[in-house]
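Written below as structure tokens is the structure these notes are about.
We did not get these values from a lab; they are worked out from the coordinates using the rules stated. Nothing here was measured: the structure is a model prediction, and the numbers come from that model. Cβ coordinates were reconstructed from backbone atoms using ideal geometry, including for glycine residues, and neighbour counts include every protein chain displayed.
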Amino acid sequence: MKKVIVIGAGITGLSAAWKLSECGHKAIVIESEGQIGGLAKSVIIDDYILDIGPHSFFSEDKEVYDKIVGLFKEEKSELPFSKRTVKMYFKGKYVDYPLSVKSILFQTGILSPILSTLSFIKSYIKTSLNSFKKKNDIDEKNLTIEEWAINNFGKYLFLNFFKPYTEQFWKLKTSELSHKVIPSSKKLDFAKTLKHLLVKKYLEISKREPGKLSLVERESLPSYYPKKGFGEIAKRIGREVLKNNGEILTNCKAQEIRIGEKSLEIITNKQNFICDYVISTIPLNNLIKKFNPKPPDLVLKCSQELKYLSLVLLYIITKKEDVLNCQYCYFIDRPYNRISEMNNFSRETSPKSENLLSVEISCHYKDETWNLSDQEIYERCIKSIERDELLKKSDVVNFKILRFPSVYPIYKKNYDDNLKEVNKFLDKSKNFYSIGRQGQFYYGDIDQMARFGFDTADKIDINN
């Protein structure tokens, strides 16, 4: 039996501890906040369940799917099927999202599909000729979002969709961002999407067992949402860890990581731990500063170049029970990027006869938006919400605000150089793992985070 300290009680850390504890190892999870779940937790304020997102659970990974769904096997009604309905408010119309051939050709009016198609054909021919002549000097791995979008969708959609939305969300120019800022599950090649739309039936996909699917098909996987908020998944994983003789310590912050020849020591604000392995899931720019001996200056410098986008969440409580004709909707040219209607996930997230809108505002830590007062954030958003005729100010009962400093890894162009330098340093310690969205600087979905946790636990178990 090995003793493993897991830093961070998000889905990745909890999944690792869950698997380790099942294999008979001693897993101790330390969490700096007072609640487990990380970015997948649900915060309860008064009678409201506030998700950070919200999320939904779906996966083509059978082991992850079976284990997560299995947490609810005695109470299947607590994890109901939740059909994902996503829209984007694009040029005054609600279109399906992610952007597909169907949404472009049939939902954007007359002019947009013509211009989109002509632009795409021009770009497609140019890209194909360059590829055929082997004169394409662009390294696909280092494409900016601007280069990737034009190559795959054409200049019209880049200028009218990708550029405004991406720059609104990331608060950086598209020429400064790697194409990897678009999650792989959203990155749909226009031509492949067309083939998929014409050849395969979307409705058939929802009937399949989770397994290996293409990125396009992954978007159509059946999804689930716990009645009592997405954080219920983290809570139940936590119970499994404790049931298997693991430990979870909240309000316990890792302050220093001491690397020894045969063991590691974690210094926290509560107690010190000597262990055989450490799994960290915290942001890399925070992690590297905790090492003793101190890492080389180059590693420290590179770690500080790996930055994360912050998120301010405005939760609007309203008596209006039906606001959006979908679970969530993306917006361009608004103070916010996305609005989710919680009644369309679960009616138990707010009291009866009420509804909860989750309004997401991205920003950089301690910038002008981050430093706005709660009232200023509300006033800034409600103006646009009223203008779009979603709600009237008189429909609002109350509002809540939550702030999260490190949410999305920012993939700046050539960010990979900094990440490689940091990983090279971390790889020198064979008993230390940095994993998950924050720990791997990887923008992925919940099931992928659970997979990282399971795989790391398996590596430790196999070595022992």
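With the crude spin-label approximation of a point 7 Å out along Cα→Cβ, what separation in nm comes out for LYS73 versus LEU118?
Placing both labels 7 Å along Cα→Cβ, they lie 6.0 nm apart.
For the stretch 215-342, what is Rg from Cα atoms divided by 2.2 N^0.38 Å, rounded to two decimals?
Relative to the 2.2 N^0.38 Å estimate, the stretch 215-342 comes out at 1.51.
Would you list HIS364, HIS55 from fewest to most Cβ contacts within 10 Å?
Lowest to highest Cβ neighbour count: HIS364, HIS55.
Taking 27 Å as the cut-off for C-alpha to C-alpha distance, list the pairs among LYS26/LYS227; LYS235/LYS289; LYS93/LYS393; LYS76/LYS400; LYS91/LYS307 that go past it.
LYS26/LYS227; LYS235/LYS289; LYS76/LYS400; LYS91/LYS307
Return the sequence-ordered ³J(HN,Hα) values of the stretch 151-156 in whole Hz as given by the Karplus equation 6.51 cos²θ - 1.76 cosθ + 1.60 applied to θ = phi - 60°, using x for Gly and Pro.
For the stretch 151-156, the Karplus-derived couplings read 4, 9, 10, x, 6, 4 Hz, x marking Gly and Pro.
Over 27 Å between Cα atoms, which of LYS67/LYS171; LYS41/LYS83; LYS420/LYS459; LYS83/LYS253 qualify?
LYS67/LYS171; LYS83/LYS253
So what's the Cα pair-distance distribution over the stretch 308-409, bin width 5 Å, in %?
Percent of pairs per bin, in order: 2, 13, 25, 26, 18, 11, 4, 0.
Express in whole angstrom the spacing between the alpha-carbon centres of the stretch 1-72 and the stretch 381-436.
Cα centres, the stretch 1-72 to the stretch 381-436: 18 Å.
Provide the FRET efficiency to the nearest 0.05 for the GLU265-GLU321 pair, computing r from the beta carbons and using R0 = 60 Å.
Given R0 = 60 Å and the Cβ-Cβ separation, E is 0.65.
In Å and from the alpha-carbon atoms only, list the Rg and Dmax of the stretch 371-424.
Gyration radius and largest Cα-Cα distance of the stretch 371-424: 18.8, 56 Å.
Taking θ as phi - 60°, what are the ³J(HN,Hα) couplings along the stretch 440-446 by the Karplus curve (6.51, -1.76, 1.60), each to the nearest whole Hz, with x for Gly and Pro?
Going residue by residue, I get 10, 6, 10, 8, x, 8, 4 Hz, with x marking Gly and Pro.
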